[in-house]
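Enquirer: Input: one structure, supplied below.
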Amino acid sequence: MRAVDIIAKKRDGLALSSAEIDFFIQGYTRGDIPDYQAAAWAMAVLLKGMNNRETTDLAMAMVHSGQTLNMDRVAPVVVDKHSTGGVGDKTTLVVAPMVAALGQPVAKMSGRGLGFSGGTLDKLESIPGYNVSLTIDEFFKAVARNGVVVAGQTADLAPADGKLYALRDVTATVPSLPLIASSIMSKKIASGAQAMVLDVKVGRGAFMTTLKDARALAEIMISIGEQVGRRVTAVLSSMDQPLGNAVGNTLEVAEAVETLHGCGPADFVEHCVVIAAEMLRLAGLAETPETGRALAKGTLADGSALAVFKKWVAGQGGDARVADDLSILEQAPLRQVVTAPQSGYLAGIDAREVGLLSVELGAGRERKGDPVDHAVGLVFAAKVGAQLETGDALCTIHARTQEAADRAQVRLLAACTWSEELVAEPPLVYDILRG
Ligand code: URA
């Protein structure tokens, strides 16, 4: 077999055989197939698509590119959650300790920022000392000891996805249903969780911009999971405006900590409660989503989620003082308040544009391997539906330089739309597919 023939076959819109997919993925993982061929192949997949059988084969080839963990020795059920990627999505930082506070271990392999969407690893690395690179042994020990582990892909777990993910980020090959489904499911299956909640984002700030595509992505991921005996629930959630108020790495960590203290923005808190409730239901700790909601809320009210957060962060080498003292997080040198240019109702905040402008500020990557600037980003003072007067605070930009702040301000104002009429708050969750 030759890589070039497999690329050509997909370019011509033909389905690849299981053997061809496996050959390509194992060859790329070993380094026999170079980045430029993998980039061409990924673009062909993005343009021509894959059928469900190919997508499942791709996920399993990526699982087999490394080791798989067996979590049975940690707990009867280990649950995981994964977002398909959004703007301001710091859900893991709150939901993992919420669920673990109820005695349910959470073991999670996360990714870095991808295109306009932020990544949990980049956020966690903005906590001084936090180590995302764990060996498999350390991964096991951390979840057994602290109830939560969130780390990056080790060289051993789904390494094909680790390589391909970074390549896709900089070759405009992220928004492809088969590539996203196989990327997520390979990590989830390899890391051994028996049950998982997939947070499938829909809207301007998501890779799936329509409910139809998001549903198709959710369905194929549920099907892949079920084929290997995993219990999967998919939450189809809105990503038209950023989630919560903060966008940017340290800013999102700060918002997550505030949420764990019981002072989070309403939309973000509600989103965390929905995801946690589904995780608890899958784990068998809540019979119904309603019971799960009540349990999840209780962990914020009684401080138990915050206590687990501290233990988790300290257990991965991070400075757990962050839970009580946000000043230990790096601060951007410049803060610029952007005010409402007119009176009226805020009708839209284009989440994609906000994600892109935060990448331009430095919070994400333009090229593979670029460092990220943890301190920069934005914090909204108003969300869609808010009524503002001219000059009211709309958002604070955290930037490195005045020039960067000014550029971001122009983009931000262009990303907002206004209405004279009352604007209803947009829905948070469209549907929940319980596999
Ligand atoms: N999250 C992932 O892990 N992979 C993708 O491709 C997109 C979002």
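No lab work stands behind these numbers, since they all come straight from the coordinates. Keep in mind it's a predicted model, so treat the numbers as computed, not measured. Here Cβ is always computed from backbone atoms with ideal geometry, including for glycine, and neighbour counts include all displayed protein chains.
Enquirer: Amide H to amide H, which residues 5 or more places from Gly111 or on other chains are under 5 Å from it, using H placed in the peptide plane?
Expert: Excluding prolines and chain starts, which carry no amide H, the hits are Thr120, Leu121.
Enquirer: Based on the Cα coordinates of the chain, what is the per residue volume of their convex hull in Å³?
Expert: Expressed per residue, the convex hull around the Cα atoms of the chain is 128 Å³.
Enquirer: Of Leu388, Leu114, Phe140, whose Cα points farthest to the positive end of the dipole of the chain (charges on the beta-carbon: +1 Lys, Arg; -1 Asp, Glu; origin at the Cα centre)?
Expert: The Cα lying farthest towards the positive end belongs to Phe140.
Enquirer: Let me check I've understood the local charge: for Leu47, count other residues with C-beta under 10 angstrom from its C-beta, Lys and Arg +1, Asp and Glu -1. What total comes out?
Expert: So the surrounding residues net to +3.
Enquirer: Rank Ser83, Ser182, Ser304 by mean-square fluctuation in a GNM of the chain with C-alpha springs under 10 angstrom and give only the top-ranked residue.
Expert: In this elastic network of the chain, the residue with the biggest mean-square fluctuation among Ser83, Ser182, Ser304 is Ser304.
Enquirer: What list of ³J(HN,Hα) values in whole Hz, one per residue of region 67-74 in order, does the Karplus curve 6.51 cos²θ - 1.76 cosθ + 1.60 (θ = phi - 60°) give from phi, with Gly and Pro shown as x?
Expert: Calculated HN-Hα couplings, in order: 7, 10, 9, 10, 8, 4, 7, 8 Hz.
Enquirer: Fewest to most neighbouring Cβ within 10 Å: what's the order for Leu58, Leu356?
Expert: In order of increasing Cβ crowding within 10 Å: Leu356, Leu58.
Enquirer: Taking other Cβ within 10 Å of each residue's Cβ, how do Ser65, Ser419 sort, fewest first?
Expert: The fewest-first ordering by Cβ neighbours comes to Ser419, Ser65.
Enquirer: Right, something else. State to the nearest 20 debye the size of the charge dipole of the chain about its Cα centre, where the only charges are +1 on K and R beta carbons and -1 on D and E beta carbons.
Expert: For the chain, the charge dipole is close to 1000 debye.
Enquirer: List the lysines whose Cα lies under 18 Å from the Cα of Lys90, skipping any in the same chain that are fewer than 8 positions away.
Expert: Within reach: Lys81, Lys108, Lys123, Lys201, Lys297, Lys310, Lys383.
Enquirer: Something else: With charges only on Cβ, +1 for K and R and -1 for D and E, what is the dipole size of region 189-269 about its Cα centre, in debye, rounded to 20?
Expert: 300 debye
Enquirer: Which order do Phe23, Phe139 fall in if you start with the one that has the fewest other Cβ atoms within 10 Å?
Expert: Fewest to most other Cβ atoms nearby, the residues stand as Phe23, Phe139.
Enquirer: Under the Karplus relation 6.51 cos²θ - 1.76 cosθ + 1.60, θ = phi - 60°, what is the ordered set of whole-Hz ³J(HN,Hα) values for region 229-234, x standing for Gly and Pro?
Expert: Ordered by residue, 3J(HN,Hα) equals x, 9, 8, 10, 10, 10 Hz.
Enquirer: Share of antiparallel DSSP beta bridges in the chain, in percent to the nearest 5?
Expert: Restricted to the chain, the bridges split so that about 55 percent are antiparallel.
Enquirer: Between Ala216 and Arg30, what is the label-point separation in nm under the 7 Å Cα-to-beta-carbon projection?
Expert: 3.4 nm
Enquirer: Turning to a different aspect of this structure: Would you mind checking which residues have amide H under 5 Å from Leu157's amide H? H placed 1.01 Å from N; only 5 or more apart, or other chain.
Expert: Hits under the 5 Å cutoff: Gln67.
Enquirer: Sticking with this one: According to the square roots a ≥ b ≥ c of the eigenvalues of the Cα gyration tensor, what is the shape class of region 163-238, taking rounded for a/c under 1.5, prolate for a/b larger than b/c otherwise, and oblate for the remainder?
Expert: Taking the square roots of the gyration eigenvalues as a ≥ b ≥ c, region 163-238 is oblate.
Enquirer: Any idea what the relative contact order of the chain is, in percent, if you count C-alpha pairs under 8 Å spaced at least 6 apart?
Expert: It comes to 19 percent, rounded to a whole number.
Enquirer: Compute a Gaussian network model of the chain, connecting alpha carbons closer than 10 Å, and tell me which residue from Ala393, Ala218, Ala323 fluctuates the most.
Expert: In this elastic network of the chain, the residue with the biggest mean-square fluctuation among Ala393, Ala218, Ala323 is Ala393.
Enquirer: Hey, another quick one. Report the net charge of residues surrounding Glu252, where surrounding means a beta-carbon distance below 9 angstrom and charges are Lys +1, Arg +1, Asp -1, Glu -1.
Expert: 0
Enquirer: While we're here: What are the principal axis extents of the Cα atoms in region 230-358, in Å, biggest first?
Expert: 49, 35, 28
Enquirer: With all pairs of different alpha carbon atoms counted, what Kirkwood hydrodynamic radius in Å does region 1-93 show?
Expert: 15.3 Å
Enquirer: Next up: Amide H neighbours of Ala246 under 5 Å, counting only residues 5+ apart in sequence or on other chains, H built in-plane at 1.01 Å?
Expert: Amide H to amide H, under 5 Å and 5 or more residues apart or across chains, Ala246 pairs with Phe380.
Enquirer: In deg cm²/dmol and to the nearest 500, what is the mean residue ellipticity at 222 nm of the chain if only DSSP H runs of at least 4 residues count, each as -39500 (n - 2.57), divided by the residue total?
Expert: -14000 deg cm²/dmol
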